[in-house]
Amino acid sequence: MKLSNSYIGLPEEFYQLIKPSPVKNPSLIAFNEDLAISLGLDAENSSLLEYFSGNKVPRGSTPIALNYAGHQFGNFVHQLGDGRAILLGEVSTNSGSYDLQLKGSGQTMFSRQGDGRSALGPVIREYILSEAMHHLGIPTSRALAAVATGEYVARDSFEPGGILTRVAKSHLRVGTFEYFASRQQWEDVKLLADFAIQRHFPEIRESDNHYLELLKKVADKQSELVSKWMSVGFIHGVMNTDNFTISGETIDYGPCAFLDEYDPGKVFSSIDQNGRYAFGNQPSIASWNLASLAGCLIAFINKDSDKANELATEVLDNFSVDTNQRILDQMCRKIGINGSKEENHTLLRNFLKIMLKNQSDYTITFRALPQVLLGDSDDLFDQFKERAELHSWLEDWQQTVRAENEDVNLLVNDLNEINPAYIPRNHQIQDVIDLAYENNFSKMLEMIEVVQDPFKEKDKYSSYMNAPTEDQKVKRTFCGT
Ligand code: AMP
Ligand code: MG
């Protein structure tokens, strides 16, 4: 495993040089061999466990903790940073370079009161959720390895410790920009922007106004990301600006969760008391976060502040319009109708309205819809208590769908490739973690396999398609790391 580290070319204040703290008795509980191979890593290397536990530093690695600030629930916190994560370095591949970061690898200068460690439960959660997201086609950091440290961490009770090795296009956040902008260190903001452009958007280097272009690029990536979250019912849960990437990848899986029943107001996170990060609020929060980034870059967008404001506002306005359109497109595709027709939006909204009224399961409902075209409505009707409205909606829908699509079988296949059969449901993840805490990792490995192929139904995994019963329902999720 050969690593480099471009971040250390930046001034000292951007990071702390810090090695992972060793752990006593590590064991590798999950390893993502396909990802390792795609990164060109030697999966047979006997040192892997030592690297992923932080007990040995790979060749070429200069481990660092990154410095950043951020808005948490709308309030600015001027000092955050990697308090329990250490960046080992970057791997170069044909598709660009990727950060390799340990999470739960010991204290850094940014740990504040924290122990720099992670419990095993959240490591397993992040592993499963991020793998699921990747295989659903959603940009995300990925899990390369999960290690049980053999040590205990003190949370509400003592829990086994874990370390996740994750891979991302970078760990640059809006909060990284905010750190320097809030201190009016404009030269550093510029260095960071140039670094981000070089790393993620080299194609804009030659543009006339590349800081405005940077804002546009991040807006575009985030618009794509959030619209994809909405289409699969993913709630990030802590869209603070320090968890909002420049690369447009989903990152920092904390109290995130997938919807069971459809509800735009749904909140799982125990700390999101006002529902700021509710499912349906995610597009507008993304816009809020982009406005924070715009604030950091504004001085470089134009010397005339009115003009700079006008240009940045245009980017934010376009973001909202683009994101709404993308969401409509994705949602219309989920029900097999053309998203560019106004009347089809009404058809979509009517469906969502009756789903909300009936508290129907988001994933099961969309998955069951194409079966109706093949003459089997049972699974769909199971999701609705009041059936009259659904009947009349289905008539309209079938008429539209059949008029727009000549080949119904082809459409059914398309719909089964956009509406997943399997999502990582909270209650299932909780079962996996409970077993893992008894040293049984078989269910974890099985669930990883299930989420890695989410669109193809398999008899042996049919139980993973079930919505939770009332007793099984997880009502709250916790940061808990
Ligand atoms: P998060 O809400 O998970 O994005 O984390 C917010 C901040 O808290 C980041 O600066 C983390 O590095 C820090 N943090 C969270 N948990 C710990 C921990 N156990 N030890 C040290 N720092 C932590
Ligand atoms: Mg974070």
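The values are calculated or read from the model by the stated rules, or taken from the named source; none is laboratory data. Please read all numbers here as calculations on a predicted model, not as lab measurements. Don't worry about glycine lacking a Cβ; one is built from the backbone with ideal geometry, like all the others, and counts go over all protein chains shown. To get the accessible areas, we keep the full protein, side chains included, count just its heavy atoms, and leave off ligands, DNA and RNA. Shrake-Rupley method; radii C 1.70, N 1.55, O 1.52, S 1.80 Å.
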Within the accessible area of the chain, what % is carbon and sulfur when the probe is 1.4 Å and the other protein chains stay in place? 46 percent
Could you name the aspartates and glutamates in cross-link range of Lys169, using Cα to Cα under 13 Å and dropping any fewer than eight places away on the same chain? Glu90, Asp99, Glu249
Sorted by accessible area with a 1.4 angstrom probe, largest first, how do Asp156, Asp304 fall? Asp156, Asp304
Accessible surface ranking that places the most exposed of Met109, Met355 first, with a 1.4 angstrom probe: Met109, Met355
Of Lys103/Lys460; Lys334/Lys357; Lys228/Lys460, which pairs sit farther than 22 Å apart, going by alpha carbon to alpha carbon? Lys103/Lys460; Lys228/Lys460
Along the charge dipole of the range 6-171, Cβ charges K/R +1 and D/E -1, which of Gln113, Gly70, Pro26 sits furthest on the positive end? Gln113
For n ≥ 4 DSSP H runs only, could you compute -39500 (n - 2.57) per run for the chain, divide by its residues and tell me the 222 nm figure to the nearest 500? -14000 deg cm²/dmol
Output for the range 166-262: chymotrypsin sites (Phe, Trp or Tyr not before Pro) sitting in coil per DSSP, at most 10 other Cβ within 10 Å, listed by number, reads none
With a ≥ b ≥ c from the Cα gyration tensor eigenvalues, square-rooted, and the rule rounded for a/c under 1.5, otherwise prolate when a/b > b/c and oblate otherwise, the range 1-159 is rounded
Pairs of alpha-carbon atoms within less than 8 angstrom and 6+ residues apart define the contacts here; what relative contact order does the range 1-121 have, in percent? 28 percent
Which whole-number value in Å² is the accessible area per residue of the chain, probe 1.4 Å? 42 Å²
Per-pair calculated FRET efficiency, R0 = 56 Å: Lys2 and Asn338 via Cβ, rounded to 0.05: 0.70
Starting from the Cα-Cα distance between Asp317 and Leu28, subtract it from 0.36 nm times their residue separation and give me the gain in nm to one decimal. 99.4 nm
Any trypsin sites (Lys or Arg not before Pro) in the range 244-344 that lie in a DSSP loop and have at most 14 other Cβ atoms within 10 Å would be Lys303, Lys341
Radius of gyration and maximum dimension Dmax of the range 338-415, Cα, Å: 12.1, 32
Distance between Cα centroids, the range 15-68 to the range 410-434: provide it in whole Å. 30 Å
Contact order normalised by residue count of the chain, Cα under 8 Å, 6+ apart, percent: 14 percent
Roughly how many Å is it from the Cα centre of the range 296-315 to that of the range 316-386, as a whole number? 38 Å
Nearest-ten-degree value, helix 442-451 long axis tilted from longest Cα axis of the chain: 70 degrees
Taking only C-alpha positions in the chain, Rg and Dmax in angstrom work out to 22.9, 66
C-alpha long axis of helix 210-232 to longest principal axis of the chain, angle in °: 40 degrees
DSSP loop GluC sites (Glu not before Pro) in the range 415-481 with at most 10 other Cβ atoms within 10 Å of their Cβ, which ones? Glu438, Glu470
